[in-house]
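Trainee: Before we start, here is the structure in question, set down as structure tokens.
No value in this document is a laboratory result; all are computed from the given coordinates. These numbers come from a predicted model, not from an experiment. Cβ coordinates were reconstructed from backbone atoms using ideal geometry, including for glycine residues, and neighbour counts include every protein chain displayed.
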Amino acid sequence: MSQQKYEELLWTQKYCTSHVGFCVPAHKNWYFKSFGATTTTKWHVEFSTSDIEELGQGVILFNLVSGSSENAGGVSGSVKSIGDDAVGYLDWRSDHFEISAHSNLLPAIEYMVKHIVEYVPVQ
């Protein structure tokens, strides 16, 4: 995934959920799978360049977590390095999103954090 280009025109997919009320962009070459609520997150989605069948197979982990990004040690709208990983944060209502992956995917995480939007149903 780190060898891919991340120009805006390549983000042609998006994962949306009306249940939680958000959409997040996905690169045109990615697969994604939602695992819904887990024991540690309010919502969990994984992204990869290959099909995802089971929890833990994704390369980029996207979580909706209780509390603010500040409570988790982050700053809403930013990405920080933690060892070999990068984590992006975005406050969402009374919770926050955390997007994490290896630090070589930092550009992808930055793009995703900046382009999370509210889900609007098609009418």
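Trainee: Let me check against my output: what whole-number percent is the relative contact order of the stretch 25-92, with C-alpha pairs under 8 Å and at least 6 apart?
Mentor: After rounding, I find 21 percent.
Trainee: Quote the charge dipole size of the stretch 1-73 about the Cα centre in Debye, to the nearest 20; the model charges only the Cβ of Lys and Arg (+1) and of Asp and Glu (-1).
Mentor: I would put it at about 140 debye.
Trainee: Taking 7 Å along the Cα-to-C-beta vector as the label spot, tell me the C16-V120 distance in nanometres, rounded to one decimal.
Mentor: 1.0
Trainee: Spin-label point model (7 Å from Cα, Cβ direction): what's the E70 to E7 distance in nm?
Mentor: Using points 7 Å along Cα→Cβ, the separation is 4.0 nm.
Trainee: Could you give the dipole magnitude of the stretch 74-123 about its Cα centre, charging the beta-carbon of Lys and Arg +1 and that of Asp and Glu -1, in debye to the nearest 20?
Mentor: 120
Trainee: How much space per residue, in cubic angstrom, does the convex hull of the C-alpha atoms of the chain take up?
Mentor: Dividing the Cα hull volume of the chain by its residue count gives 108 Å³.
Trainee: Would you work out the charge dipole size for the chain about its Cα centre, treating the Cβ of every Lys and Arg as +1 and the Cβ of every Asp and Glu as -1, and quote it to the nearest 20 debye?
Mentor: Magnitude of the dipole: close to 220 debye.
Trainee: Determine the calculated [θ] at 222 nm for the chain from helices alone, applying -39500 (n - 2.57) to every DSSP H run no shorter than 4 residues and normalising by the residue count; nearest 500 deg cm²/dmol.
Mentor: Mean residue ellipticity at 222 nm (helix-derived): -2000 deg cm²/dmol.
Trainee: With only alpha-carbon atoms counted, please give the Rg and Dmax of the stretch 57-123, in Å.
Mentor: 12.1, 45
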